[in-house]
Each structure stands twice: as structure tokens, then as C-alpha cells.
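Accompanying notes for the structure given below.
Any read-out appearing in this document is the output of simple, stated calculations on the displayed coordinates, not a laboratory observation. In this text, all values refer to a predicted model and were calculated from it rather than measured experimentally. Note: ideal-geometry Cβ built from the backbone for every residue, glycine included; neighbour counts use all protein chains shown.
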Amino acid sequence: MDAETGRSLAGLIRKERIAHLGTLRGGAPLVSMTLFMAGQDLAAFYVHVSRLAWHTQDMLQDPRVALSIAETDDGRADPFTLMRVSIRGEALNLKNEIPELKAAWLQRFPQQAINFELADFSFWKIAPRDARFVAGFGRIHNLSAAGLRALA
């Protein structure tokens, strides 16, 4: 992957705020929309989710997950030219509140402050295993976790 393409991927991850989180539910895939935030070094991705949500219950049973992040549809004639990345990894429940993480989350999502008052919400850290980046039609790149971190 050339430097410009790497910058495009890092920019996509930092710009977009919505991801689709894939979990395993009873042996079958489940995908749901969630908010996310990437760590500065791209070595971790964070979600703040309710234990009432199916995806949270799934992560408690099986930590293998995937995040799908896509460029916002701008109405172009061929949506397959939009950038997107799928990140596979393992989820870990961060049971204790981390003040720096909470502050960064609220800076990114100020309207989510109410969720910190609810006892059923917690942060989950997703440690990437690998990623597949589609920079546009036919422009596909596979990355290891180390390759993803190198883009930071």
C-alpha cells in the first residue's frame, strides 16, 4: 500500500463515527450499528455499549468480532467506489471506567453523556487481528494488526 492510500485509510477511520459491529449469536452472524472510536495508534478500537444489547451479550460469550467502517454515501453514481474497511479482532470488556477514554469519547460524542449515568453501559476494547481495506473498486489491501498500527 502506498503512503497516500495509507493516509486515506487512517483518515477514513478517524473521520467516520459509525461502524457496523459483527458478532456471533448462537453460531450465526449478527451485525448491528454502533458508535466507535479508534485509539491514536490504531492498536485498539472502542465501543461503549449496553449489556442489554445483543452484540454485548454476544461478546461476553465469544470475543471474536468484526467492525465494518465505510465512507459516508455521497450519492455518487457507483457506490462501490466508496472506501471501506473491515477489521477483525477480539473484544475485551473494560469493566473499570478510564477517565481519559471517557473524556475522549465525550469529545467525539457529546450527546452520549447520558449513557455514563446508566449502570448497564461499559467500554469494550477491540484489539485488531487484521483488516481488509477497499480503497475503491478493485483497490483492495490486506493488513495485519501491525500494518494497521503503522498507519497511525
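What's the total number of residues in segment 1-31 that are exposed (fewer than 14 other Cβ atoms within 10 Å of the Cβ), out of contact with any strand residue (DSSP E or B) (no Cβ under 8 Å at 6 or more places or on another chain) and of a type outside the set (D, E, K, R)?
Residues in segment 1-31 being exposed (fewer than 14 other Cβ atoms within 10 Å of the Cβ), out of contact with any strand residue (DSSP E or B) (no Cβ under 8 Å at 6 or more places or on another chain) and of a type outside the set (D, E, K, R): 5 in total.
For segment 30-86, name all the residues that are of a type in the set (A, V, I, L, M), within 18 Å of Lys102 (Cα to Cα) and in contact with a Phe, Trp or Tyr (Cβ under 9 Å, 6 or more places away or on another chain).
Within segment 30-86, Leu35, Met37, Ala38, Val47, Val49 qualify.
If you take the residues of segment 89-119 that are assigned to a strand (DSSP E or B) and touching a Phe, Trp or Tyr at 6+ places or on another chain (Cβ under 7 Å), which of them is nearest to Asp2 (Cα to Cα)?
Ala91
Could you look through segment 32-54, keep only residues that are of a type in the set (Ser, Thr, Tyr) and out of contact with any Lys or Arg (no Cβ under 9 Å at 6 or more places or on another chain), and pick out the one that is surrounded by the fewest Cβ atoms within 10 Å (Cβ to Cβ)?
Ranking the qualifying residues of segment 32-54, first place goes to Ser50.
Determine, yes or no, whether Asp62 is more than 13 Å from the chain's Cα centre (by Cα), loosely packed, with under 15 Cβ neighbours inside 10 Å, under 26 Å from Arg7 (Cβ atoms) and acidic (Asp, Glu).
Against the criterion (more than 13 Å from the chain's Cα centre (by Cα), loosely packed, with under 15 Cβ neighbours inside 10 Å, under 26 Å from Arg7 (Cβ atoms) and acidic (Asp, Glu)), Asp62 does not qualify.
Restricting the first residue to segment 43-55 and requiring it to be part of a loop (DSSP other than H, G, I, E, B), which pairs with a second residue that is aliphatic (A, V, I, L, M) and surrounded by 19 or more Cβ atoms within 10 Å (Cβ to Cβ) meet a Cβ separation below 8 Å and a spacing of at least six or different chains?
Ala43/Leu148; Ala44/Ala38; Ala44/Ile126
Looking only at segment 125-146, count how many residues are part of a helix (DSSP H, G or I) and either free of Cβ contacts under 8 Å to residues at least 60 places away in the same chain or over 24 Å from Arg84 (Cα atoms) (or both).
The number of residues fulfilling the criteria is 1.
Name every residue in segment 36-51 that is more than 9 Å from Ile126 (Cα to Cα) and either β-branched (Val, Ile, Thr) or more than 8 Å from the chain's Cα centre (by Cα) (or both), in order of residue number.
Gly39, Gln40, Asp41, Leu42, His48, Val49, Ser50, Arg51
Give all pairs with beta carbons closer than 7 Å in which a residue from segment 9-37 that is more than 13 Å from Arg64 (Cβ to Cβ) and touching a residue at least 24 places away in the same chain (Cβ under 8 Å) meets a residue that is assigned to a helix (DSSP H, G or I) and basic (Lys, Arg); count only pairs at least 6 apart in sequence or on separate chains.
Qualifying pairs under 7 Å: Arg17/Arg108; Met37/Arg108.
Tell me the residue from Ser68, Ser122, Ser86 that is within 18 Å of Thr34 (Cα to Cα), in a strand (DSSP E or B) and either without any contact (Cβ under 8 Å) to a residue 24 or more places away in the chain or over 15 Å from the mean Cα position of the chain (by Cα) (or both), please.
Ser122
Considering Asn96, Asn115, which residue is at negative phi and exposed (fewer than 11 other Cβ atoms within 10 Å of the Cβ)?
On inspection, the qualifying residue turns out to be Asn96.
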